[in-house]
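Asker: Would you mind keeping the following structure in view while I ask a few things?
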């Protein structure tokens, strides 16, 4: 995770190898999630909005699910507590082959409509002070 665009946006990036298993990338939030088209979603909390955009993988999309244990997962020794007001922003990838990069740009909707550059997807081991705007 890093700030980009003069600290006006955040880039979250994960690199993993799924070994042919399904991937479910998750981000918990108290915001209301409205998935959009083209790999975008709008999160809103207390009248403030943030746009999430999937930079990688291309063609992926956001969904929103409740903040609850996923069906088929092992139960914890104690009963899970409820998560009132919490939703989960997700990206589901069905059994991708090989290494995967999930890159998400989080941009608050600034007053005045700041124009920001979309950063390139750069491998994590190549991130530097100058690798992104």
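Asker: If you scan the stretch 114-133, which residues turn out to be free of Cβ contacts under 8 Å to residues at least 40 places away in the same chain and part of a loop (DSSP other than H, G, I, E, B)?
Answerer: 115, 120, 122, 128, 129, 130, 131
Asker: I've got another one for you. Modelled with pLDDT of 95 or more and surrounded by fewer than 17 Cβ atoms within 10 Å (Cβ to Cβ): does that describe residue 82?
Answerer: no
Asker: Confirm whether residue 118 is within 20 Å of the chain's Cα centre (by Cα), surrounded by 12 or more Cβ atoms within 10 Å (Cβ to Cβ), at pLDDT 90 or above and within 28 Å of residue 34 (Cβ to Cβ).
Answerer: Judged against the criteria, residue 118 is not a match.
Asker: Shifting gears a bit: For the stretch 30-41, enumerate the residues that are closer than 21 Å to residue 67 by Cα and more than 11 Å from the chain's Cα centre (by Cα).
Answerer: 30, 31, 32, 33, 34, 35, 36
Asker: Would you mind finding the one in 67, 41, 95 that is surrounded by 10 or more Cβ atoms within 10 Å (Cβ to Cβ), in contact (Cβ under 8 Å) with a residue 24 or more places away in the chain and under 21 Å from residue 1 (Cα atoms)?
Answerer: Just a single option satisfies the conditions, and that option is 41.
Asker: Right, something else. Go through (1) on the phi < 0 side of the Ramachandran plot; (2) touching a residue at least 12 places away in the same chain (Cβ under 8 Å); (3) not in a strand (DSSP E or B) and name the single condition residue 105 misses.
Answerer: Of everything listed in (1) on the phi < 0 side of the Ramachandran plot; (2) touching a residue at least 12 places away in the same chain (Cβ under 8 Å); (3) not in a strand (DSSP E or B), residue 105 misses just condition (3).
Asker: Are any residues in the stretch 17-28 over 11 Å from the mean Cα position of the chain (by Cα), surrounded by 13 or more Cβ atoms within 10 Å (Cβ to Cβ) and assigned to a strand (DSSP E or B), and if so, which ones?
Answerer: 23
The values are calculated or read from the model by the stated rules, or taken from the named source; none is laboratory data. Bear in mind the structure is a predicted one, so any value in this text is a computation, not a measurement. Note: ideal-geometry Cβ built from the backbone for every residue, glycine included; neighbour counts use all protein chains shown.
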